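The values are calculated or read from the model by the stated rules, or taken from the named source; none is laboratory data. What you see is a predicted model; the values in this text were computed from it and never measured. Note: ideal-geometry Cβ built from the backbone for every residue, glycine included; neighbour counts use all protein chains shown. The area values use the complete protein model at the heavy-atom level, side chains included, leaving out ligands, DNA and RNA. Shrake-Rupley method; radii C 1.70, N 1.55, O 1.52, S 1.80 Å.
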Amino acid sequence: MATSDADESLYPIAVLIDELRNEDVQLRLNSIKKLGTIALALGVERTRSELIPFLTDTIYDEDEVLLALAEQLGSFTPLVGGPEHVHCLLPPLESLATVEETVVRDKAVDSLRIIADQHSQADLENFFVPMVKRLAGGDWFTSRTSACGLFSVCYKRASTNVKAELRQIYRNLCADDTPMVRRAVAGKLGEFAKVVEPEFLKSDLIQLFHQLAQDEQDSVRLLAVEASVSIASLLPSEDTEQLVMPTLRQAAEDKSWRVRYMVADKFTELQTAVGPEITKHDLVPAFQNLLKDCEAEVRAASAHKVKDFCLALSPEVREQIIMTSILPCVKELVTDANQHVKSALASVIMGLSPILGKDNTIEHLLPQFLIQLKDECPEVRLNIISNLDCVNEVIGIKQLSQSLLPAIVELAEDTKWRVRLAIIEYMPLLAGQLGVEFFDEKLNSLCMTWLVDHVYAIREAATLNLKKLVEKFGKEWAQQTVIPKVLAMSRDTNYLHRMTCLFCINVLAEPLGPEVACKLMLPTIVAMATDSVANVRFNVAKTLQKLAPLLDQSSIQSSVRPLLVKLQSDSDMDVQFYASEALAGLK
């Protein structure tokens, strides 16, 4: 009996191993995803002696199967007997780290990085480091690129001699003939710098940083810029000035726009890493140049950083630097020929207002906002409107209101429906800032116009917008201004507009409360129950179901229930269905 039990417990394992050899990729993929189950059933010894060697031998498969395998092995430590046996996972992961597909290699490296910490120091030096050396000395560039990601995880726990070896291997990879390897090694330089001792950081890694930053391939040079952030944050200020800044100055003026773009993209991180003094002397001029760069992509990336860069400046010199160095460049970008640059600037320029204060905002920033509100590009106008709250806190929105109105109206009538949708979403914010009087006078009619837009998404957003406005301005305002116009739509000749009336009632009933629902909304819904269009009639049934919790029992018994009973015998099946559903939901 015991033997047959053992056979039964091994039966699913045999099936799963057969699946791993099956021609169907999906079956093999499912089998790989159940590896944990196989390992548990086999036990730790058989997993080490049978399953892992089997997996190592079968690493010739479709990429998606290999990717799943690389991911599974990262969490396999308990299944092979814990940290003392974790090294047996290295052979299959080493093979996976050499395959052609980048995604599989990266996942294998991720798993190796996870299990590196689970090795004892002895196992790390006896098994893990030799594997790193084999990968770094591989014939194919694939294995050498994978090795680059493993130095930082094994270096910190290695002995002094092994550390020296690892630094030498890393140095060799920095001078590799293949650009892909140099790219990988440059990409990992920052994290390697964090684990290397300070004396070797200055003697070895800075030299490698300079070498990679002057590489003939721009894809290598731009990754060296990324590493400079980590290196600068690890060095004292005087060493950063001497060892890192000359290379960074070169990168900011590199002949390749991609390298300059990377400098712009990492600018605020660099600012934090180098500190206020170097920022004042070196980064401010570099930032000015990037804002004036000949490539639009670089100008756009720099423009995105304007607010964060200014915020991070030292408070005692902040205003002076912005006024003398940054603002002149910003004024040029406001009228840039490229719409992406203008749009990037418009998304952050309002953030300068709280930094500069009321007087400077009125004198210097306000004219720029007004120019951007009249820009031909809708994204620029939209970005300014969406960030109005920054300015409102400093100078109040009244200064902008006369220019705001034409910009809002133009966006509200834009031919692109997504632009109209975006301005609707900002309307409650604008309403709160402009106040009820200005809103009623200038923008109320606009909000009602959206309810009859030819695009459904706009009509839907407009109904939700009304709900937010009612919550902001109150019931009384809604009863005087919104409800009469919404209820009038129930008599519109276009059935879509009549349906929008019902959608509005659905969302407004709750914030307006039972009294309005009973006295004003219910009679309109009842009148619409005899509509000639079935879609309107079944939406009447759905609306009644939604309104029922707000209505008193007498209204339900005298108006709602008889109406739903009548709709149950409607000629249209959908109307019958929704009427029955609504009746079932009544108390």
Within segment 560-587, restricting to residues that are at pLDDT 85 or above and small (Gly, Ala, Ser), the one that is nearest to the chain's Cα centre (by Cα) is 582
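For segment 219-240, what are the residues that are in contact with an Asp or Glu (Cβ under 8 Å, 6 or more places away or on another chain) and farther than 14 Å from residue 263 by Cβ? Steps first, please.
At the first step, the residues of segment 219-240 found to be in contact with an Asp or Glu (Cβ under 8 Å, 6 or more places away or on another chain) are 221, 224, 229-230, 237.
Scanning segment 219-240 gives 230, 237.
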I'm told residue 81 meets every condition in (1) open to solvent by 10 Å² or more (accessible area, probe 1.4 Å); (2) modelled with pLDDT of 80 or more except one. Can you identify the failing condition by its number? (2)
Hey, any hits in segment 143-161 for a residue that's assigned to a helix (DSSP H, G or I) and over 20 Å from residue 94 (Cα atoms)? yes
Give the number of residues within segment 219-266 that are part of a helix (DSSP H, G or I), of a type in the set (D, E, K, R), under 19 Å from residue 277 (Cα atoms) and in contact (Cβ under 8 Å) with a residue 12 or more places away in the chain. 3
Report, by residue number, each residue of segment 98-108 that is assigned to a helix (DSSP H, G or I), in contact (Cβ under 8 Å) with a residue 40 or more places away in the chain and crowded, with 22+ Cβ neighbours inside 10 Å. 104, 105, 107
Does segment 166-179 contain at least one residue that is polar (S, T, N, Q), open to solvent by 40 Å² or more (accessible area, probe 1.4 Å) and outside any helix (DSSP H, G or I)? no
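Go through 508, 520 for me and flag whichever is of a type in the set (A, V, I, L, M, F, W, C) and surrounded by fewer than 20 Cβ atoms within 10 Å (Cβ to Cβ).
520
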Filtering segment 484-501 down to residues that are open to solvent by less than 30 Å² (accessible area, probe 1.4 Å) and either outside any helix (DSSP H, G or I) or hydrophobic (A, V, I, L, M, F, W, C) (or both) yields 486, 487, 489, 499, 501
Please identify the pairs in which a residue from segment 471-497 that is under 15 Å from residue 531 (Cα atoms) has its Cβ atom under 9 Å from the Cβ atom of a residue that is in a loop (DSSP other than H, G, I, E, B) and of a type in the set (A, V, I, L, M, F, W, C), counting only partners at least 6 apart or on another chain. 489/451; 489/452; 492/452; 494/452; 495/533; 496/452; 497/451; 497/452
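Residue-by-condition table, conditions (1) outside any helix (DSSP H, G or I); (2) open to solvent by 10 Å² or more (accessible area, probe 1.4 Å):
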{"site": "310", "(1), (2)": "no, no"}
{"site": "319", "(1), (2)": "no, yes"}
{"site": "325", "(1), (2)": "no, yes"}
{"site": "329", "(1), (2)": "no, no"}
{"site": "333", "(1), (2)": "no, no"}
{"site": "372", "(1), (2)": "no, no"}
{"site": "375", "(1), (2)": "yes, yes"}
Restricting to segment 180-222, and then to whatever is in contact with a Pro (Cβ under 9 Å, 6 or more places away or on another chain) and of a type in the set (Asp, Glu), can you tell me which residue is surrounded by the fewest Cβ atoms within 10 Å (Cβ to Cβ)? 216
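A quick yes/no check of all residues on (1) modelled with pLDDT of 80 or more; (2) open to solvent by 40 Å² or more (accessible area, probe 1.4 Å); (3) over 29 Å from the mean Cα position of the chain (by Cα); (4) of a type in the set (D, E, K, R):
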site: 22; (1), (2), (3), (4): no, yes, yes, no
site: 54; (1), (2), (3), (4): no, no, yes, no
site: 59; (1), (2), (3), (4): no, no, yes, no
site: 62; (1), (2), (3), (4): no, yes, yes, yes
site: 67; (1), (2), (3), (4): yes, yes, no, no
site: 85; (1), (2), (3), (4): yes, yes, yes, no
site: 111; (1), (2), (3), (4): yes, no, no, no
For segment 125-155, how many residues meet the condition of being more than 18 Å from residue 191 (Cα to Cα), free of Cβ contacts under 8 Å to residues at least 40 places away in the same chain and crowded, with 22+ Cβ neighbours inside 10 Å? 0
Given 292, 305, which one is crowded, with 20+ Cβ neighbours inside 10 Å, touching a residue at least 40 places away in the same chain (Cβ under 8 Å) and of a type in the set (Lys, Arg)? 305
Being more than 26 Å from residue 176 (Cα to Cα) and of a type in the set (A, V, I, L, M, F, W, C) is the filter here, so list the residues in segment 120-137 that pass it. 122
Filter result (closer than 29 Å to residue 65 by Cβ, assigned to a helix (DSSP H, G or I) and out of contact with any Phe, Trp or Tyr (no Cβ under 8 Å at 6 or more places or on another chain)) within segment 116-128: 123, 127, 128
Helices (runs of 4 or more DSSP H) fully within segment 385-474 counting 2 or more residues that are modelled with pLDDT under 80 and open to solvent by 40 Å² or more (accessible area, probe 1.4 Å): 388-395, 398-412, 417-434
Can you find even one residue in segment 200-218 that is out of contact with any Asp or Glu (no Cβ under 9 Å at 6 or more places or on another chain), in a helix (DSSP H, G or I) and acidic (Asp, Glu)? yes
So which pairs qualify, if the first residue must be in segment 86-97 and acidic (Asp, Glu), the second must be modelled with pLDDT under 85, the Cβ gap must be under 9 Å, and the two must be at least 6 apart or on different chains? 94/56
Reported set for segment 267-281 where residues are of a type in the set (Gly, Ala, Ser) and assigned to a helix (DSSP H, G or I) is 273
